[in-house]
Amino acid sequence: MNYSDQDRYWIRELATRVTEAAHRPEMNAIRKRWKDVNALRKPDRAPVWCKPIGAWDEIIPDSTLRCNHLWLRLIERHFLQILHKVEIGDDTTISPVFDIPAILNVSPTNIWGVDIHHHPSQIKGGAWGFNPPLQTEDDFDKLVIPEWSFDKAASERAIEQAQTLLSNTMPIRLYCGPGYDSATLSNTAAELRGLEQIMIDMLDQPELMHRLMRHMRDARLKLLEFWEQTGLITPNTEEPMLCSDPIGELRHGRASLANCWCAGNSQEFDMASPEMWEEFCLEYQKPIFARFGFSCYGCCENLGRKIPGVLTIPNLRIFVCSAWTTLKVALDLVPEKYCIMWRQKASDVVFPHDEISIREELLDGAKRLQGRPYQIVLRELQTLAGHPDRLHRWTRLAIDAAEQYA
């Protein structure tokens, strides 16, 4: 691969820093904190974690990257993000291993047999719109269930390239298996049919909506079968939010989905009634959750009226209480045998000019949650709104609140 010695030395220096960060004494305490709370044991305090997502472009602009080669720039950005999280000081779990995702081939290449498009925004950073391919009932006949295969040769080449680049700075691992949202079906359903249209279909053409969700469920279950057949599944028990004790026993030395977490949400069904959400979404998600060791449910949606349904999810361990799900309702209806992921509202964190409201919100919530297993999580940030140190300050305030009401 054609890249300069200068770029290679810089990447190795960053890899060395990340490895050192992964082996800091504090990392043991961070991992234990997550493991305790997700095992429903009492931690020293609730874990605190933030994910900048869109705000990374403000934190680490492209203009600050040193590498010229595209692949190295991706790795450079990845390492710099990890090191910035160390500066922020939250409970980020840092792996001392460099993961190479298993390279998978899919047929057809557009996955569903139809092409998904979006209407782009005319404003930088603006929202795109759905441009769904399933316009008529006849279009549904074009849908296919994708076939997956493991490209062993390409994966081995990727590992070899990483080993050559990183040398002895970090061990390399082939990573295969479930991502965070393995049971989320409604996002793809909306891209295929349109968000407004699936709302209409539930009322006007319910069997068509069932047909779409059956297709999503069956395709996901087939992907789960493929993952298991590869024998390459990597348990996702090391990440923030889902960091936990090992789940179950390995079979013949190999991990299965029963050793992994499954997360899912139903954001596109936020405005649907609990009854329609259960009929057209949750019932199609349950067979997926049932394949995993532990389940986590929710995202940026109001689950307040849907908690009884959420509690029927197989292997549920984490209930996500977003900023749109009233914390009081969650505390009243979610039993203490579940961990509550208490998510903060990004706009309420980044836009205030002072920290008074942020501190008060964190202290009030931590006091209410005292004695319960819970996490404090801030996600979906798209901007820091001119406050470059806001995540550092929010983290400190959240940790202070968690410690005060530990």
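The values are calculated or read from the model by the stated rules, or taken from the named source; none is laboratory data. All figures in this text were calculated on a predicted structure; none of them were measured in a lab. Cβ placement follows ideal geometry from the backbone for every residue including glycine, while neighbour counts extend to all protein chains displayed. With ligands, DNA and RNA removed, areas are computed over all heavy atoms of the protein, side chains included. Shrake-Rupley method; radii C 1.70, N 1.55, O 1.52, S 1.80 Å.
Checking Pro287 against (1) over 18 Å from the mean Cα position of the chain (by Cα); (2) surrounded by fewer than 18 Cβ atoms within 10 Å (Cβ to Cβ); (3) farther than 21 Å from Ile111 by Cβ, which single condition isn't satisfied?
The single condition Pro287 does not satisfy is (3).
Which numbered condition in (1) in a loop (DSSP other than H, G, I, E, B); (2) out of contact with any Cys (no Cβ under 8 Å at 6 or more places or on another chain); (3) within 27 Å of Ala190 (Cβ to Cβ) is the only one that Asp245 fails?
So Asp245 meets the others, but not (3).
Which pairs have Cβ atoms under 9 Å, sit 6 or more apart or on different chains, and link a residue in the stretch 384-402 that is more than 30 Å from Gly371 (Cβ to Cβ) and touching a residue at least 40 places away in the same chain (Cβ under 8 Å) to one that is open to solvent by less than 70 Å² (accessible area, probe 1.4 Å) and assigned to a loop (DSSP other than H, G, I, E, B)?
Qualifying pairs under 9 Å: Leu384/Pro52.
Being open to solvent by 30 Å² or more (accessible area, probe 1.4 Å) and farther than 14 Å from Met170 by Cβ is the filter; apply it to the stretch 1-24 and report the residue that is modelled with the lowest pLDDT.
Only one residue tops the list, namely Met1.
For the stretch 25-69, how many residues are within 21 Å of Arg12 (Cα to Cα) and touching a residue at least 24 places away in the same chain (Cβ under 8 Å)?
The total comes to 5.
May I ask you to list the residues in the stretch 236-247 that are out of contact with any strand residue (DSSP E or B) (no Cβ under 8 Å at 6 or more places or on another chain) and open to solvent by less than 40 Å² (accessible area, probe 1.4 Å)? Write out each step before concluding.
Step one: list which residues in the stretch 236-247 are out of contact with any strand residue (DSSP E or B) (no Cβ under 8 Å at 6 or more places or on another chain), which gives 238-239, 243, 245-246.
Within the stretch 236-247, just Cys243 meets the criteria.
Being in contact (Cβ under 8 Å) with a residue 40 or more places away in the chain and surrounded by 14 or more Cβ atoms within 10 Å (Cβ to Cβ) is the filter; apply it to the stretch 324-337 and report the residue that is farthest from Asn265 (Cα to Cα).
Leu331
Give the residue, chosen from Pro43, Pro47, that is open to solvent by less than 20 Å² (accessible area, probe 1.4 Å) and closer than 25 Å to Arg343 by Cβ.
On inspection, the qualifying residue turns out to be Pro47.
Considering only residues of the stretch 248-283 that are free of Cβ contacts under 8 Å to residues at least 24 places away in the same chain and in a strand (DSSP E or B), which is surrounded by the fewest Cβ atoms within 10 Å (Cβ to Cβ)?
Across the stretch 248-283, the extreme among qualifying residues is Arg251.
Which members of the stretch 93-141 meet the condition of being β-branched (Val, Ile, Thr) and within 30 Å of Leu14 (Cα to Cα)?
Result: Thr93, Ile94, Val97, Ile100, Ile103.
Just to be sure before I move on: is Val320 β-branched (Val, Ile, Thr), closer than 30 Å to Asn259 by Cβ and touching a Gly at 6+ places or on another chain (Cβ under 7 Å) in the structure I sent? Walk me through how you get there before you give the answer.
Numbers: β-branched (Val, Ile, Thr): yes; closer than 30 Å to Asn259 by Cβ: yes; touching a Gly at 6+ places or on another chain (Cβ under 7 Å): yes.
Spelling it out, Val320 is indeed β-branched (Val, Ile, Thr), closer than 30 Å to Asn259 by Cβ and touching a Gly at 6+ places or on another chain (Cβ under 7 Å).
Give the residue, chosen from Leu397, Leu378, Leu363, that is open to solvent by 40 Å² or more (accessible area, probe 1.4 Å), under 29 Å from Leu83 (Cα atoms) and of a type outside the set (D, E, K, R).
The match here is Leu363.
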